[in-house]
Amino acid sequence: DAVGRTNESDQRKDDETLAKGRHYHAMVFQSWSGKHRSIHFVAGRWVLAKHSSRWLRRTTRQIIALLASFHLYVTGEAYDGASENRTWQNRTLDIKLRELIPDLIESPGDASEAMEVSDVDVETMAQPHLDEDASEAVEGSRGDGETVVAPPLDPTRRKFGADELPLDMHVASKHPSIDDLFVIALADFSHAIKKITNAVERGNLRQGEQLLPITMEMMRDVYVAGTDINGPEGAIMLFPSLCMEIFQKTAKNRMRVSFAVKLHSASMHKCILQYRNRISDRIPPEHFEAVLTHIVKTNRWTDVMNNSRNKGCEKISAVDHRHVFELLDYASYFEQWKQAPPTRMS
């Protein structure tokens with residue numbers, strides 16, 4: 001009309017003819033080098049009516065090549081678990097793990113030599129802790145007076161057997177514009193820790209020569225047996241970071257990364273050591289050894305992935321950095337876990 005107002009029905013018709021974006025996509029560049037201040041910026045944003053792995057592959061390669069023209073070299077890609085992202089990576093990744101680390105694969109008859117580390121490094125590696133209890137040692141008693149210290153990830157391993165790592169997994173692709181440069185598929189920590197928690201929740205995995213079970217149900221039973229749940233009213237809680245919501249999964253709390261992390265925390269480790277004898281009539285205390293090992297290894301992996309400086313972690317700045325071998329050791333642990341028989345606990 002005369003003052004610029006639009007008829008409501010006409011406005012509604014205009015809205016109906018406008019194309020609506022159904023997919024929102026963003027690409028962010030982030031540097032992780034410990035040698036200088038990190039660089040972080042949005043490289044591209046899109047509102048798409050349709051989303052496909054073909055579009056992702058083409059656009060990602062274009063962005064990577066464009067960044068290289070400004071001397072910003074992409075060496076890794078991180079993404080969530082959406083189906084189009086997995087399809088895109090399946091089409092893009094064409095380099096196997098064995099092609100990236102040939103010098104770390106143990107050949108037949110090749111004796112592995114331990115990496116020389118200083119006393120400080122060894123002491124640092126013995127701190128696989130996470131939450132507010134992390135400043136204390138992850139140790140406890142079996143009930144017979146013997147002190148138990150769970151082993152951290154091993155930073156001294158330099159070679160791995162052919163059956164210890166998923167060497168045939170496609171993990172990288174060639175850079176679209178720079179020769180001899182690879183772009184590695186990077187796992188997103190938040191999604192990875194939740195997938196690990198889901199596997200523990202299903203409780204159909206066993207570990208070690210004795211095929212000991214690793215289940216969330218075992219952790220919950222120990223926690224319920226403790227005084228934090230069944231103790232006298234007003235008593236001091238020994239493990240305040242733990243709660244029943246960690247074990248009682250719902251559609252909402254299943255997405256909470258903090259709960260997944262707390263399930264694999266030093267508090268959970270101490271809780272098991274302190275209370276597992278209370279349920280020995282149902283679960284022998286020795287059956288928790290695989291659970292304890294899993295918690296310690298995953299706890300340390302969490303520290304490395306989050307660059308927890310108070311746990312002796314630092315940004316990886318070299319191909320032979322000690323954290324590289326810790327992460328490979330964790331991957332080796334999970335490869336053995338993956339190959340374990342899927343037999344449920346009776």
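Data table
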| item | result |
| --- | --- |
| Cross-link reach list, lysines versus K50, counting only Cα pairs under 16 Å and skipping chain neighbours closer than eight places | K20 |
| Flagged links, alpha-carbon separation over 18 Å, of K195/K338; K262/K297; K194/K297; K194/K311 | K194/K311 |
| 1.4 Å probe accessible area per residue over the range 243-346, in Å² | 45 Å² |
| Mean separation of Cα contacts under 8 Å (6+ apart) over length of the range 239-346, as relative contact order % | 19 percent |
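The values are calculated or read from the model by the stated rules, or taken from the named source; none is laboratory data. Note that the structure is a prediction, hence the values are computed from the model and not measured. All accessible areas refer to the heavy atoms of the entire protein, side chains included, with ligands and DNA or RNA removed. Shrake-Rupley method; radii C 1.70, N 1.55, O 1.52, S 1.80 Å.
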